[in-house]
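The values are calculated or read from the model by the stated rules, or taken from the named source; none is laboratory data. Nothing here was measured: the structure is a model prediction, and the numbers come from that model. A quick note on method: Cβ atoms are made from the backbone with ideal geometry, for glycine too, and the neighbour counts reach across all protein chains shown. When the accessible area is computed, the model is the full protein with side chains, heavy atoms only, and any ligands, DNA or RNA have been set aside. Shrake-Rupley method; radii C 1.70, N 1.55, O 1.52, S 1.80 Å.
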Amino acid sequence: AQGACQLVGPNGPVKHVMMFTFDNVHFTRDNPNIPSDLEQMPNLLNLLTRNGVLDANHHTPLISHTATDILTALTGLYGERMGIPVANSFDFFRPDGSVGFQSSFGYWTNTAQTGKPLMIDDRGKTAPAPWVPFTRAGCDVGAVGSANIVLENNTTDITTVFGANSPEAAEANTAQGTADFVGLAVHCAQNSSFCTDGQDDLLPDEPGGYAGFKAQFGHKHIAPHIGGQITDLNGKAITGFPGFDGMEAEVSLSYVAALHEHGVNVTFAYISDAHDDHTSSAPHAFGPGEAGYVAELRDYNHAFGVFFDRLAKDGITPDNTLFIFTADENDHFVGGPPSPVNCDGVNVPCTYAKIGEIDAILDKLLSFDEGVTTPFGVHPDSAPTVHINGNPGQFDPTTFNLAVGMSQLTATSPIDGKTDQLAAAFADRTVMKLLHMVTQDPARTPSFTMFGDPDYFFELSSRTTTCTTAADCVFEAPGFAWNHGDIQPDITTTWLGMAGPGVRHLGVTREVFSDHTDIRPTLMDLVGLQDDYVHDGISLFDFARSGDGGRAELARVYKQLNAPLGAFGLGAVNLITRAIEQGDPVGYALTAQRLETLATQRDRIVAGLRDALDDRSSRGHGDAASDAMDDAQHLLAGMTAGDDTH
């Protein structure tokens, strides 16, 4: 059955597919003197630039953080259509109006605490699973640490998949349960020998049904099928899943290589960040060019060298294998200048006297500085989503006054002593929907989102030591120095690299605006498969040898209208932010109502552009395509100008 995997793209057979998502690995430099992460990993960078393309104008969705970004890349859907638009956890309203807290990480078929599917789609059901087109085509699909297609915890995920009375359930809530069953999965084609002793792979909401498929979960069940004793690429024994922070390059790549060597033709893998010290007794964050950071990147580079050499000996090369690499987000470094000032990290190590995100206790600052005592919950982040107790409406004075209070907050930075405006931008419910952040589970919809100064991490006093003065409510936390979630370009602009059959050899390019939703449709085109749903993203014609078919301009306008970080989305954020900052509830309501009208127009135009893009015979021409383009450009021009001139 494993030999039945036949993937044929527009440029011929594709024998293997490997997609990797890094946690916060940068192509651009955080400091102009210090080589970037990818520059310090030439074994990977050279494979992409010599055999394919590296798009340096690639973007995240919002909110920009690990869970949302990985799931967006896996599915080609924004959070509104796969359930996870708010990063690694989210708050929700209980029926009594109080606010609960939920992890975004859970197995694909899990139920959220709201009673709705965790991965809720636009049907209100569990979103279609990303492995299904491949297993239906006869391919086994391996998952190595990748979000929600593996077991994510040693509690509910174990009992959900194996059953409450299973032998595996006896290890629930134990470290051994994590080592044995979390973090790794193989979703098998029908009758695959890899899953003869596996679990039923149950997807009751899958379009078209999904019966007769099995899967293996965890190191304990997978290791016997990939050689038994697994070692990392440095030769160190792997005795069980080491945790998601432990999925460093030498570990993750070893699992991927072993899976492909044992008949698994498709893998989705996660590689943990290189900027945190995961091994010391007092873990802390590294700054750019710091010795520990440079050493970790050196280890990653070595691991990729070993990995690609090993694959080549197996006959797995860009000639027959599609390689896709991206980073979930491009975290913002929080710290002072390095010492010495001209250090480059590689030859002259950098050190930092000031390093670490600035923690801000949001509810106490509002009380001390603005006299606002409204109770609310937040998803802690540099871009906190706010759930106000009792769930007042969007235009309720309680909601508006809390947002206005946050817009006025300032703090003295413990790094440089300057006064910082803590709020950079806002998205109310109208704009969050426009940005694809509102799901079919109303209980999850925040009252609003505040995008903050990227140096700051916002939380509530209930989750930390209570501060007694405004000055006490702002302090540096050296355990973390890389902020995410926010809307600033240095966080939301990341990179995408591809090499393999059907990928043009373009080296580094910045000509095409793309985001994580475009990865899935591009992958599916390159391997000749289709999903059972319409993607939010589009196939990246510019990077494929088959060319754009005259649709490049359609694609450009589509992205600027539909992507959260396109001109339309950012224009909406700017308008609603200005309305909140002005503090006039009537003006705010008028702005929100106008944006709702514009969003309706946008959705209609986007549907027309989508049809034109999917019509390969139109080559971007025809009356319908021309009308959609005219409408799109008119709407974009109006948003850019700050009005909706008709």
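Overview of results
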| read-out | value |
| --- | --- |
| Theoretical FRET efficiency, 1/(1+(r/R0)^6), r = Cβ-Cβ of Ser462 and Asp623, R0 60 Å, to 0.05 | 0.55 |
| Förster radius 30 Å - calculated FRET efficiency between Val508 and Lys236, Cβ distance, rounded to 0.05 | 0.30 |
| Summed side-chain charge close to Phe448 - residues other than Phe448 whose Cβ falls under 9 Å, Lys, Arg +1, Asp, Glu -1 | 0 |
| Relative intensity, log₁₀ I(q)/I(0), of the range 557-640 from a Debye sum that treats every alpha carbon as a point, q = 0.14, 0.18 Å⁻¹ | -0.51, -0.74 |
| Along each principal axis, Cα extent of the range 237-312, largest first, Å | 40, 24, 21 |
| At most 16 other Cβ within 10 Å, DSSP loop - trypsin sites (Lys or Arg not before Pro), the range 362-429 | Lys418 |
| Two-decimal Rg to Rh for the range 455-584 - Kirkwood Rh, Cα set | 1.12 |
| Hull-based mean projected area of the range 413-506, where the convex hull spans the alpha carbons, in square nanometres | 10.9 |
| Three-way shape label, the range 171-226, alpha-carbon gyration tensor, a/c 1.5 | oblate |
| Virtual paramagnetic centre 7 Å along Cα→Cβ of Asn574, amide N under 19 Å, in the range 535-565 | 557-565 |
| Full-stretch length increase - Thr156, Asp614 - with 0.36 nm per residue and alpha-carbon distance subtracted | 160.9 nm |
| Asn46-Phe101 FRET efficiency (beta carbon distance; Förster radius 45 Å; 0.05 resolution) | 0.55 |
| Computed label-point distance, nm, for sites Thr174 and Ala312 using a 7 Å Cα→Cβ extension | 4.5 |
| Kirkwood-type radius of the chain, with distances r between different C-alpha atoms, in Å | 25.3 |
| Binned Cα-Cα distance frequencies in the range 97-185 - 10 Å width, integer % | 16, 42, 34, 8, 1 |
| Inter-site label distance for Arg545 and Ser166 at 7 Å from Cα along Cβ, in nm | 4.2 |
| Rounded to 5, percent antiparallel among DSSP beta bridges of the chain | 70 |
| Sulfur and carbon atoms: percent of accessible area, the chain [1.4 Å] | 49 |
| Alpha carbon centroid spacing (whole Å) that separates the range 1-76 from the range 339-377 | 30 |
| Residues of the range 589-610 with amide N under 19 Å of a point placed 7 Å along Cα→Cβ from Asp630 | 601-610 |
| Accessible area in square angstrom per residue, the chain, 1.4 angstrom probe | 35 |
| Full-stretch length increase - Asp532, Ala552 - with 0.36 nm per residue and alpha-carbon distance subtracted | 4.8 nm |
| Cα gyration tensor category, rounded, prolate or oblate, for the range 142-288 with a/c compared to 1.5 | prolate |
| Separation in nanometres of the label points that stand 7 Å from Cα toward Cβ, at Thr600 and Ala477 | 4.2 |
| Tail fraction, Cα-Cα pairs, the range 235-394, threshold 25 Å, whole percent | 53 |
| Theoretical gain in end-to-end length, Arg123 to Gln6 [0.36 nm per residue, Cα-Cα removed] | 39.0 nm |
| For the range 396-449 versus the range 587-614, the gap between their alpha-carbon centres in whole angstrom | 22 |
| Volume of the Cα convex hull of the range 1-158, divided per residue and given in Å³ | 172 |
| Charge-dipole axis of the range 396-463 as Lys and Arg at +1 and Asp and Glu at -1 on Cβ define it, positive-most pick from Met437, Ile415, Gly405 | Met437 |
